[in-house]
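In what follows, a structure is listed as structure tokens, so that the remarks can point back to it.
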Amino acid sequence: MNAHASGSPRTAAMLDVAGLRKVYSGSGRTIEAIRDVTFTVGAGELVCIVGPSGAGKTTLLKCIAGLLPPSGGRVVLEGQAVAGPPPAMAVVFQEYGRSLFPWMTVRQNVELPLKQKRLPAARRVQLVGDALRAVDLADAHGAYPWQLSGGMQQRVAIARAVAYEPHVLLMDEPFAAVDAQTRADLEDLIRRLWHRLKVTVLFVTHDIEEAVYLGERVLILSHAPTVIMEDVVIDLPDERSQLETRSLPRFSELRKHVYAKIQLAKQGWRPPGESKT
Amino acid sequence: MKGGQTLRQAGLALGLPAALLATWWIASSGSANFYFPPLQTIAQTFVEVWVSPRLLDDVVPSLARLAAGYFGAVVLGLLIGIPIGLSRALRNTLEPVLEFLRAIPPPALVPILILFAGIGDTMKTLVIVSGCIWPVLLNTVEGVRGRDEVLEDVTRCYRIRGFARLWHFVIPSASPQMFTGLRQALSIGIILMVISEMFAASNGLGFAIIQFERSFAVAEMWTGIIMLGLIGIGLAQVFRLVERRMLAWYHGLRQSQRAGG
């Protein structure tokens, strides 16, 4: 598998984003959120996107998810241009408190998308059970989301995404609103699920350490109007643990490197030769 | 602990009505005023008047009209309100018209409705519909319009569409506001039920009260008014039970938000 090579051939691409541009226009003003974003994610890769606040991370993710029409460029998933939310994609949103249906139990929340897929009942029961077990919520089937802690709610949202059996899993700062301890657990959960399911993961975060710890590659975004500053290959051992990985010298190096870039981004770094446009 | 609390709440809830009744009872006990007979007389008359075939002849037709008008208004209000809440274009087009129609007091429609629908049950039901529909419709529009954007993205991302989207997302997320409308509509419905029966009717509670008044059966008239109050309380209790059940998730959610924040 040559997933680590950022310039991997197009044929191996699971997700191909080319020249993506997003301009918001309304009430006489136009705001250029994303100028030109191009990258490729190979099948089975775990890629993190990190950027300073105001880097248009959520806008970028929504364009990729087909939730927002881009103003230019294209998003191609498994050879198919994305024009709306594609069936092979699942999204985990940042606001866990608002992304689960409060009138449904945990089981119903996870099962609803599977019903829409018209899966037979036996298969649904199996997928829901497996997914909730995978996120350690096997005994929460009958609970309502608001009866659970924030971290547990986000695990339900992850279980819903996993049960959907997507080829690509998009995550939009999923752990931004949970406490540090829970966040570490959830990060390890994502690594575990990724190993087990061989799903392609695109993980958006503002947390540099999180990006380096989780990713096989880290894409660093500039400040808006967004371009990609750098595509960093994370050459850390595949087996990661909160304690050991984070104390590796290489981890610090990578963290420093990404940190320096983010600082540049905050100071308004622009790609060379851009001033012409 | 919990039992004691419930008892205290019940005591508080019933205390004032009991005190008011006692005051009425004592103040009116020796009353010789023709228009304000002693409450004791009214209570005795109540049993005579309402524990009788009159219960079937007047109360049941009233409740049947109320039910027909109320549920008709609910169905119409939801059927019209949901599409308006979903579409900004529809809202912009219809809002001025709706504001105008809502501003018309339903009793003013009675003469017109008599022209079209005669003086029978259809007219009375239509009067109730014409008043009850507004709170249901307008609250449904607001509720549907105010649905959460994140959940909207979730339904799109997981391709929950068409009827499933309505049933599992749009209607439940609007339901707390819908229930606000349903509650307002219920009290409006009771008022209109009585008013509609005061025009050209041959039975019903409103008719009975007017009849008693015109035949100077003052104690009987008072019993009719008390009957209306009791029906109002009863229906409100039934409504609360249904709401508690249907919106159990909402009350739970609110409680957890209060505890957390």
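Values in this text are rule-based calculations from the coordinates and carry no lab data. Everything numeric here is computed off the predicted structure, so don't read it as measured data. Virtual Cβ from ideal backbone geometry, glycine too; neighbours counted across all protein chains shown.
Each label was represented as a point 7 Å from its Cα along the Cα-to-Cβ direction; for A:GLN147 and B:PHE239 these points are 3.0 nm apart. Relative contact order of chain B: 23 percent, from C-alpha pairs under 8 Å at least 6 residues apart in sequence. Cross-link partners of A:LYS22 among lysines, defined as those whose alpha carbon lies under 24 angstrom from its own and excluding same-chain residues fewer than eight positions apart: A:LYS57, A:LYS62, A:LYS261, A:LYS266, A:LYS276.
The Cβ shell under 14 Å around A:ILE262 holds other residues with a net charge of +1, Lys and Arg each +1, Asp and Glu each -1. The C-alpha radius of gyration of the protein assembly as shown, expressed as a fraction of 2.2 N^0.38 Å, stands at 1.34. Count Lys and Arg as plus one, Asp and Glu as minus one, and take only other residues whose Cβ is under 13 Å from that of B:ALA89; the net charge is then +2. Between the residues B:ALA13, B:THR23, B:PRO105, the greatest Cα displacement towards the positive end of the dipole of region B:1-131, with unit charges on the Cβ of Lys, Arg, Asp and Glu, is found for B:ALA13. Note on A:TYR259 and B:THR6: with the Förster distance fixed at 51 Å, the Cβ-Cβ geometry gives a FRET efficiency of about 0.30.
Kindly provide the trypsin sites (Lys or Arg not before Pro) of region A:130-230 that DSSP labels as loop, not H, G, I, E or B, and whose Cβ sees at most 14 other Cβ atoms within 10 Å. Counting only loop positions with at most 14 other Cβ atoms within 10 Å, the trypsin sites (Lys or Arg not before Pro) in region A:130-230 are A:LYS198.
Kirkwood hydrodynamic radius of region B:57-260 from all distinct Cα pairs, in Å?
Values: mean 1/r = 0.0533 Å⁻¹.
Final number for the Kirkwood radius of region B:57-260 is 18.8 Å.
Where does the charge balance sit around B:HIS251 when Lys and Arg score +1, Asp and Glu -1, over other residues with C-beta under 11 Å from its C-beta? After counting each charged neighbour, the total is +3.
About its Cα centre, the dipole of chain A is roughly 760 debye, where the only charges are +1 on Lys and Arg Cβ and -1 on Asp and Glu Cβ.
Pop the C-beta distance of A:LYS115 and A:VAL23 into the FRET formula with R0 = 41 Å and round what comes out to the nearest 0.05. Show your work: numbers first, answer last.
Details: r = 37 Å, r/R0 = 0.91.
Once the sixth-power term is evaluated, E becomes 0.65.
When shorter helices are ignored and each DSSP H run of at least 4 residues is given -39500 (n - 2.57), the per-residue value for the protein assembly as shown at 222 nm works out to -18500 deg cm²/dmol. Rounded to the nearest 20 debye, the dipole magnitude of the protein assembly as shown is 500 debye, with +1 charges on Lys and Arg beta carbons, -1 on Asp and Glu beta carbons, and the Cα centre as origin. Per the Cα gyration tensor, chain A maps to an equivalent ellipsoid with semi-axes of 30, 22, 18 Å, ordered largest to smallest.
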